[in-house]
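S.K.: This is the structure I want to talk about, given as structure tokens.
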Amino acid sequence: MLKFYTAPMAPNPRAVENILAIKGIEVETISVDLLGGENRGDAFVGVNPAGQLPALVTPEGQVIAEVAAIAEYLEELKPDPVLIGSTAAERAHSRMRMRQMDYLVLSPMMMGYRHSEGAEFFGSRMRIDPAIGATMKLIGHDGLSWLDTQMEGHDFICGDQLTFVDCAVYPLVLFLSKVSQPIDPEMKNITHYMARCASHEVLGAKSL
């Protein structure tokens, strides 16, 4: 059976939890004390040397980290329901969108949080420079603003079907909107999108 290393109330592990729930894949769940720094301890670093969550261990013992990589593995393991795409073009589109979300939205928003409100927590785990927090937040805001234009007339990030991109983006943006960067109400499409995800039977089932 797959082993899934996760942490309560953490947005990136929640992304994989969403995918597992939608696909109906059973795993052995191992909870890691993220707030207590267990993910940086010797035991977990022995599983994932990067010390990050989530992590998935296959029955063969291979460790897969990073949400997108785990999503790809789970899609091949259980293709139905489809979360990456049914055709080569659909798969390319969802992978493109995930990459765009990573460098235009998620990374700058997270950096903005880490170097401002989250500085005390992350200070023992990485280099912190309060001077860059505000700028990274602005870059993240610009990325969300761009996404707002791309979502005109669409229910989800990749079009009208929910994909692994939504499973990954929604929990992290939701978390950051609560602790650091509220969503600009002028972004009507993003606002409607967040409400749509919140009402989804899986994505909205647990709070952050």
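S.K.: From (1) crowded, with 19+ Cβ neighbours inside 10 Å; (2) within 22 Å of G123 (Cα to Cα), pick out the condition that doesn't hold for Q52.
M.R.: (1) is the only condition that Q52 fails.
S.K.: On the basis of being under 19 Å from A68 (Cβ atoms) and either surrounded by 15 or more Cβ atoms within 10 Å (Cβ to Cβ) or not assigned by TED's automatic domain parsing to the domain that holds A92 (or both), does G133 make the cut? Outline the logic, then answer.
M.R.: Working: under 19 Å from A68 (Cβ atoms): no; either surrounded by 15 or more Cβ atoms within 10 Å (Cβ to Cβ) or not assigned by TED's automatic domain parsing to the domain that holds A92 (or both): yes.
No.
S.K.: So which helices (runs of 4 or more DSSP H) stay within segment 1-115 end to end and still have 3 or more residues that are within 30 Å of Q150 (Cα to Cα)? First the steps, then the outcome.
M.R.: Details: elements: 11-23, 42-45, 67-77, 88-100, 107-114.
Because the criterion is at least 3 residues that are within 30 Å of Q150 (Cα to Cα), the helices (runs of 4 or more DSSP H) in segment 1-115 that meet it are 11-23, 67-77, 88-100, 107-114.
S.K.: Within 16 Å of the chain's Cα centre (by Cα) and more than 23 Å from L53 (Cβ to Cβ) - does that describe any residue in segment 112-124?
M.R.: Checked segment 112-124: no residue is within 16 Å of the chain's Cα centre (by Cα) and more than 23 Å from L53 (Cβ to Cβ).
S.K.: Of the conditions (1) touching a Phe, Trp or Tyr at 6+ places or on another chain (Cβ under 9 Å); (2) surrounded by 14 or more Cβ atoms within 10 Å (Cβ to Cβ), P171 clears all except one; give me its number.
M.R.: Unmet condition: (1).
S.K.: Within segment 174-186, which residues are outside any helix (DSSP H, G or I) and buried (at least 19 other Cβ atoms within 10 Å of the Cβ)?
M.R.: Restricting attention to segment 174-186, the residues satisfying the condition of being outside any helix (DSSP H, G or I) are 180-186.
Q181 - this is the single residue of segment 174-186 that is outside any helix (DSSP H, G or I) and buried (at least 19 other Cβ atoms within 10 Å of the Cβ).
S.K.: Within segment 61-119, work out how many residues are among the polar types (S, T, N, Q) and in contact (Cβ under 8 Å) with a residue 60 or more places away in the chain.
M.R.: Taking segment 61-119 as the starting set, the residues that turn out to be among the polar types (S, T, N, Q) are 62, 86-87, 94, 100, 107, 116.
Those left that are additionally in contact (Cβ under 8 Å) with a residue 60 or more places away in the chain: 94, 116.
Residues flagged as among the polar types (S, T, N, Q) and in contact (Cβ under 8 Å) with a residue 60 or more places away in the chain within segment 61-119 amount to 2.
S.K.: Taking D160 as meeting all but one of (1) surrounded by 14 or more Cβ atoms within 10 Å (Cβ to Cβ); (2) free of Cβ contacts under 8 Å to residues at least 40 places away in the same chain; (3) in contact with a His (Cβ under 7 Å, 6 or more places away or on another chain); (4) under 23 Å from V67 (Cα atoms), write down the number of the exception.
M.R.: Looking at each condition in turn, D160 falls short on (1).
S.K.: Which of the residues that make up segment 1-34 are without any contact (Cβ under 8 Å) to a residue 40 or more places away in the chain and either in contact with a helix residue (DSSP H, G or I) (Cβ under 8 Å, 6 or more places away or on another chain) or of a type in the set (D, E) (or both)?
M.R.: Filtering segment 1-34 for residues without any contact (Cβ under 8 Å) to a residue 40 or more places away in the chain gives 8, 26-34.
The answer is E26, V27, E28, V32, D33.
S.K.: Could you check segment 150-172 and list, in sequence order, the residues that are within 10 Å of C197 (Cβ to Cβ) and part of a helix (DSSP H, G or I)?
M.R.: D166, C167, V169, Y170, P171
The values are calculated or read from the model by the stated rules, or taken from the named source; none is laboratory data. Bear in mind that the values here come from a model prediction, so they are computed numbers and not experimental data. When we count neighbours, we look across all protein chains shown, and the Cβ atoms used for this are built from the backbone with ideal geometry, even at glycine.
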